[in-house]
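I am attaching a structure below and will ask some questions about it afterwards.
The values are calculated or read from the model by the stated rules, or taken from the named source; none is laboratory data. Bear in mind that the values here come from a model prediction, so they are computed numbers and not experimental data. Cβ coordinates were reconstructed from backbone atoms using ideal geometry, including for glycine residues, and neighbour counts include every protein chain displayed. For accessibility, only protein heavy atoms count, side chains too; no ligands or nucleic acids. Shrake-Rupley method; radii C 1.70, N 1.55, O 1.52, S 1.80 Å.
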Amino acid sequence: MCGIVGFIGKKQAAPIILDGLSRLEYRGYDSAGMAIADGNTIRVVKAVGRLDILVEMTHNGETMKGTAGIGHTRWATHGQPTDVNAHPHTNVSGTITVVHNGIIENYLPLRKMLQSRGYEFKSETDTEVVPQLIDYYYKGDPLEAIQKTLHRIEGSYSLGILFADRPGELYAARKSSPLICAVSDDGAFIASDVPALLKYSRSVYYIGEEEIAKLTEREISFYDVDGVETEKTPTEIKWDSSAAEKGGYEFFMLKEIYEEPRTVRETLNPRIRDSRVEIEELGMSDEEIKAVRCLHIVACGSAYHAGMTSRYVFEGMARLPVDVDIASEFRYRNPILDPSDLVIVISQSGETADTLEALRVAKSKGCTVLAIVNVVGSSIAREADRVMYTWAGPEISVATTKAYSAQLIALYLLSIKFASARGVISDAEAGELLEELKKLPDQIELMLGSREKIQRFANRYVAARDVFFIGRGIDYAISLEGSLKLKEISYIHSEAYAAGELKHGTISLIEQGTLVAAVATQKELYQKIISNIVEVRSRGAFVLAVTNVGNSEIEKVADYVIYIPETNPYFTNSLAIIPLQLFGYYVSLGKGFDVDHPRNLAKSVTVE
Ligand code: F6R
């Protein structure tokens, strides 16, 4: 959601900024812009639509001279996606230029105050108050003007700022919105995320909450919001730079689905020792685990769906009560939390605004917060009490696949750990569960082998209007994710229902030819879901069933069957989700959509 790249150094800035922005395209955007300082002049270009337009307008940046600049891809929040609303924004005289990610919540009173002092505004954005306010406070000291501005603005921001009368300097600041920086032999950089910088440096600085960074071509200095200089140590990024490239796949989404076996292995293997689960990051003794009375799992979107699956696993395996909440609901409903409860927040990006705020609510109520996060050093990782990383590597496609699979593994491991510590399962039972988990990567590989079969099936449904996903228990949680995968990238209306709920209203929507995907992996609920399949089929539905190998009698009631290999019933999600992810992918591909960049969506939702 909005991408920022800035550079100051020895090379021409515009091509570097355009290249960096292209590596942040996955975040989602609807317009792009760039400001380049050449001596004491700052030139701004912006355009609605894809970054390619900006690339063409500037001949890949060649026509914009200057070795310092800031660039931005905008995902519209305040004001339509138009050239005027696109970033960078400037003060009236064009001498202070700003790119911004986040939301300035008090922009209206600030705008009024500035207008009453003669400041004219061009755009409808919240961002434009920032350069104007900096201008209001600017008396020749950029740091002082930025500090005063930060004291006045409320909300979230990551900012890149250029001053025309300071050609050798680039400023950045951050609060509740991601921004990192790095220095290399070529110069100094700022960016919203690691892929934009990987080419230049693996040693990055995470700008802290309400911190300001001053970049010159050789160094970066950091200051708190009161101007006191702070010390910072860089974080080494271990990602292989090829991880952020497509590697021959048409879309990142397919590449990332194919990376799931490796992701599962890397999240799983380091945490199994001598047939036991060892999660050092959890930092809890068995006694402390036993003292936990209730788990609260909080997340958004697919991460919430991973949490939904784990409710069945934790409750079934560890006999521990679990609440699962959508972060945007949890944060505003004054949840009843006891300090003995453990709160688990789940997030791929580690930057989701609602999840971050939910974490803060939980901490304010005295709970310990464990974060399951993919991006090292992200805001959620930094603010949580404990962090369990999913080692999925960079996930570029907007629709999550491999990070979701890694989240499931982290949650299974925690469930086994809790079940053992609470004495619900014996060491031998824990060992057997771990043996089943270790088989998953090869079994996922096997599921990927059905790719062509799923593509053929998906091609028949590119024109579908409505699709329903049904399941019971864990299969309901799988259905939620399968349905989201389809709708977000194919724009086909799709819903997931707990199959037992169908008769309470939804079944009236089933008509001749409606596609119903029925997930049937839970032995104890198998006959129940078969009855639901019969019910929808007798009303004209075409049924795609996903079930365990051996359940061949399902072919009598379903039209098309995909089998998953035998695994423990708690872990079936990891296998059943693969054909559903592939189905969503191939429907989107068949419709000719840009699979990795679905309309209206952003990879990292850093605003509410
Ligand atoms: C769907 C998807 C989203 C994210 C959600 C949370 O494919 O990717 O639903 O799961 O926006 O994002 P994170 O995990 O970054 O907190």
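Within the stretch 154-188, which residues are open to solvent by 10 Å² or more (accessible area, probe 1.4 Å) and under 18 Å from N106 (Cα atoms)?
Scanning the stretch 154-188 gives E154, G155, S156, K175, S176.
Yes or no: the stretch 305-321 includes at least one residue that is more than 23 Å from E495 (Cβ to Cβ), modelled with pLDDT under 95 and either open to solvent by less than 30 Å² (accessible area, probe 1.4 Å) or over 21 Å from the mean Cα position of the chain (by Cα) (or both). So that I can check it myself, show each step before the final result.
At the first step, the residues of the stretch 305-321 found to be more than 23 Å from E495 (Cβ to Cβ) are 313-321.
Then drop every residue that is not modelled with pLDDT under 95, which leaves none.
Among the residues of the stretch 305-321, not one is more than 23 Å from E495 (Cβ to Cβ), modelled with pLDDT under 95 and either open to solvent by less than 30 Å² (accessible area, probe 1.4 Å) or over 21 Å from the mean Cα position of the chain (by Cα) (or both), which makes the answer no.
Could we say that S397 is within 12 Å of the ligand (Cβ to nearest atom), in contact with a Pro (Cβ under 8 Å, 6 or more places away or on another chain) and of a type in the set (S, T, N, Q) here?
So S397 fails the test.
I'm trying to understand the selection: among the residues of the stretch 187-200, which are touching a Lys or Arg at 6+ places or on another chain (Cβ under 8 Å) and modelled with pLDDT of 95 or more?
G187, A188
Also: Working only within the stretch 581-593, note down all residues that are touching a residue at least 40 places away in the same chain (Cβ under 8 Å) and either within 11 Å of the ligand (Cβ to nearest atom) or surrounded by fewer than 23 Cβ atoms within 10 Å (Cβ to Cβ) (or both). Write out each step before concluding.
Within the stretch 581-593, the subset touching a residue at least 40 places away in the same chain (Cβ under 8 Å) is 581-591, 593.
Matches in the stretch 581-593: Q581, G584, L589, G590, K591, F593.
In the stretch 265-282, how many are of a type in the set (V, I, T), over 13 Å from L370 (Cα atoms) and either away from the ligand (no atom under 16 Å from the Cβ) or not assigned by TED's automatic domain parsing to the domain that holds D338 (or both)? Walk me through it before giving the result.
So the first thing to find is which residues in the stretch 265-282 are of a type in the set (V, I, T), and the list is 267, 272, 277, 279.
Then keep just the ones that are over 13 Å from L370 (Cα atoms); that gives 267, 272, 277.
Still in the list and also either away from the ligand (no atom under 16 Å from the Cβ) or not assigned by TED's automatic domain parsing to the domain that holds D338 (or both): 272, 277.
Qualifying residue count for the region: 2.
So, I53, is that one hydrophobic (A, V, I, L, M, F, W, C), under 25 Å from I207 (Cα atoms) and assigned by TED's automatic domain parsing to the domain that holds D126 or not?
Numbers: hydrophobic (A, V, I, L, M, F, W, C): yes; under 25 Å from I207 (Cα atoms): no; assigned by TED's automatic domain parsing to the domain that holds D126: yes.
Judged against the criteria, I53 is not a match.
Per-residue answers, yes or no, for (1) at pLDDT below 95; (2) outside the structural domain of P178 (by TED's automatic domain parsing); (3) more than 24 Å from A14 (Cβ to Cβ):
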{"position": "T82", "(1), (2), (3)": "yes, no, no"}
{"position": "H89", "(1), (2), (3)": "no, no, no"}
{"position": "V99", "(1), (2), (3)": "no, no, no"}
{"position": "E105", "(1), (2), (3)": "yes, no, yes"}
{"position": "I134", "(1), (2), (3)": "no, no, no"}
{"position": "E144", "(1), (2), (3)": "no, no, yes"}
{"position": "H151", "(1), (2), (3)": "no, no, yes"}
{"position": "A164", "(1), (2), (3)": "no, no, no"}
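Rundown of residues vs (1) modelled with pLDDT under 95; (2) in the same structural domain as I562 (by TED's automatic domain parsing); (3) farther than 17 Å from A576 by Cα; (4) open to solvent by 10 Å² or more (accessible area, probe 1.4 Å), yes/no style:
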residue: E436; (1), (2), (3), (4): no, no, no, yes
residue: K439; (1), (2), (3), (4): no, no, no, yes
residue: A463; (1), (2), (3), (4): yes, yes, yes, yes
residue: R472; (1), (2), (3), (4): no, yes, no, yes
residue: A498; (1), (2), (3), (4): no, yes, no, yes
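Could you tell me which residue of the stretch 481-493 is nearest to D596 (Cα to Cα), considering only residues that are within 11 Å of the ligand (Cβ to nearest atom) and surrounded by fewer than 22 Cβ atoms within 10 Å (Cβ to Cβ)?
My answer is E488.
How many residues does the stretch 29-43 contain that are crowded, with 19+ Cβ neighbours inside 10 Å, at pLDDT 95 or above and either assigned by TED's automatic domain parsing to the domain that holds V398 or not small (G, A, S) (or both)?
Selection size over the stretch 29-43: 3.
Could you check I257 against (1) at pLDDT 95 or above; (2) open to solvent by 50 Å² or more (accessible area, probe 1.4 Å); (3) assigned by TED's automatic domain parsing to the domain that holds D427 and say which number it fails?
(2)
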